[in-house]
Amino acid sequence: MSHAAAAAEILSRFNISGLDLALVLGSGWTGAANDLGETLGECALEELPGFNKPVVGGHSGILRVIRTPAGKIAALFNGRTHLYEGLGLQPVVHNVRTAAAAGAKTVVLTNGCGGLRPEWLPGTVVLISDHLNLTATTPLVGARFVDLTHAYSPRLRELARQVEPALPEGVYVHFRGPQYETPAEVQMATIMGGDLVGMSTSLETIAAREAGLEVLGLSLVTNLGAGISPTPLSHEEVVAAGEAAKPRLRALLSGLLERL
Ligand code: 8IG
């Protein structure tokens, strides 16, 4: 499988014996992950077997490997492949499978998303407590009956709250996209028990749990869900909210890496 090849390439390229953890940095999070440790090396994602260049504006497409202040080896994936790109499921979960094949035990999945609670203004960070996978698909093939009861690790959420005690929690609803939801779909997501709407993360979480990784999910609310906000959604709004939240996101990631 190409994730084994990608993992081998990461270990040889950066001269490391394995990864301890991986972070996937989604919309709004990329710039927050600079200077989080000693850089051991970096490369463009598409130089590694099975990876594609991210298509979303604001994703640098760089893999950086660092030694964290706690002495752990971490891979920072800046950008990801989404289901809506039409490349299929395997490229979407290649990041977490590669991280697991390289020895990682933990993955931090971050994203930018829409918020369904009016009190969560753009710039709010939310711990993902659970998800609704509305993509009607799965990265798992065959009789892989993976338990998702604690898909988003209660232990890691507690650890995040040691860094930021007031972090709220919410259920992430994964729509395939790439269009944003209609107001009716946003209502549906709310009625179904959702708190956040986005286009990533749940498939990576499923693959990560299959691979035995512990998952922390962090969402940056960059806009209110369609119909909740009086103004139309735009990707520029998303980028601006990420930019404004950068110092806070950086502090959170830095505090996490001291503890992970
Ligand atoms: I950033 O409002 C971002 N990503 N589905 N809905 C969905 N994805 C998003 C949104 C949103 N904002």
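Quick check for me: using +1 on Lys/Arg Cβ and -1 on Asp/Glu Cβ, what's the dipole size of segment 2-259 about its Cα centre, in debye to the nearest 20?
Values: 19 positive and 24 negative charges, 89 e Å.
Value, rounded to 20: 420 debye.
What separates the Cα centres of segment 41-85 and segment 144-177 is a distance of 22 Å.
For Ala244 and Asp35 in the same chain, what is the full-extension length gain: residue separation times 0.36 nm, less their Cα-Cα distance, in nm? Write out the running numbers ahead of the final one.
Working: separation 209, 0.36 × 209 = 75.24 nm, distance 1.79 nm.
Additional length available on full extension: 73.4 nm.
Most exposed first by the Cβ proxy, i.e. fewest other Cβ within 10 Å, how do Tyr172, Tyr152, Tyr84 rank? All intermediate terms of the calculation are to be shown ahead of the outcome.
Values: Tyr172 28, Tyr152 24, Tyr84 17.
Sorted ascending by nearby Cβ count, the order is Tyr84, Tyr152, Tyr172.
Using R0 = 25 Å, the C-beta based FRET efficiency linking Ala70 and Ser12 works out to 0.55.
The calculated FRET efficiency for Ser60 paired with Gln90, based on their beta-carbon distance and R0 = 22 Å, is about 0.45. Under 26 Å of direct C-alpha separation, and excluding same-chain neighbours fewer than eight residues apart, Lys105 reaches these lysines: Lys53, Lys72. Spin-label model, Phe145/Ala5: points 7 Å from Cα along the beta carbon direction are separated by 3.4 nm. Spin-label model, Met192/His235: points 7 Å from Cα along the beta carbon direction are separated by 2.4 nm.
Where a number appears in this text, it was derived from the coordinates with a stated rule and is not lab data. For clarity, every value in this text was computed on a predicted model and none was experimentally measured. Neighbour counts run over all protein chains shown; Cβ positions are idealised from the backbone, glycine included.
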